[in-house]
Amino acid sequence: MSSYRVTMIVGPLELGVKPETVLPTLTQAIADYTVVESSDIAVVAGSPRVTVRFTADGDEAAFLVAEQGIDGARVSAQPIAWQLTRMVQGRWEPLD
């Protein structure tokens with residue numbers, strides 16, 4: 001199994017949603033489909049970004065998991081953008 005990570009730039013929160021619930025919501029949405037290795041939140045260039053690292057059996061499966069995770073996160077926040085990367089020889093490489 002390979003390691004992947006999905007990073008989402010967090011947009012507007014849904015009404016009544018607390019900011020601290022966005023990362024657990026995305027993490028759980030991904031954990032429903034695969035093993036989550038780690039999760040993190042950071043502010044980059046003034047924008048909140050949540051990242052969840054997970055395992056998958058290949059790029060196609062990773063895309064499906066990432067899409068399911070992003071869809072699940074929409075109950076708490078609207079994504080501005082998201083990216084899927086794969087660990088290759090110690091580096092994160094974007095997938096097209």
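Nothing in this text is a laboratory measurement; each read-out follows from the coordinates by a stated rule. In this text, all values refer to a predicted model and were calculated from it rather than measured experimentally. When we count neighbours, we look across all protein chains shown, and the Cβ atoms used for this are built from the backbone with ideal geometry, even at glycine.
Worth pointing out:
- Contact order for the chain, expressed relative to its length and based on alpha carbon pairs under 8 Å spaced 6+ residues apart, stands at 44 percent.
- Compared with the direct C-alpha span, the chain from V75 to V35 gains 12.3 nm at full extension, assuming 0.36 nm per residue.
- Placing a label point 7 Å from the Cα of S2 along the Cα-to-Cβ line, the residues of segment 40-60 whose backbone N sits under 19 Å from it are 52-60.
- Sites R91 and I9, calculated FRET efficiency, Cβ-Cβ separation with R0 22 Å, nearest 0.05: 0.55
- For volume of the Cα convex hull per residue in Å³, calculated from these coordinates, the label among (i) 82; (ii) 104; (iii) 91: (iii)
- Between 0 and 90°, nearest 10: helix 22-31 axis offset from the chain longest Cα axis: 40
- For the chain, the longest principal axis of the Cα atoms and the long axis of helix 59-73 meet at an angle of about 10 degrees.
- Q83-V44 pseudo-label distance in nm [points 7 Å out on the Cα-to-Cβ vector]: 0.5
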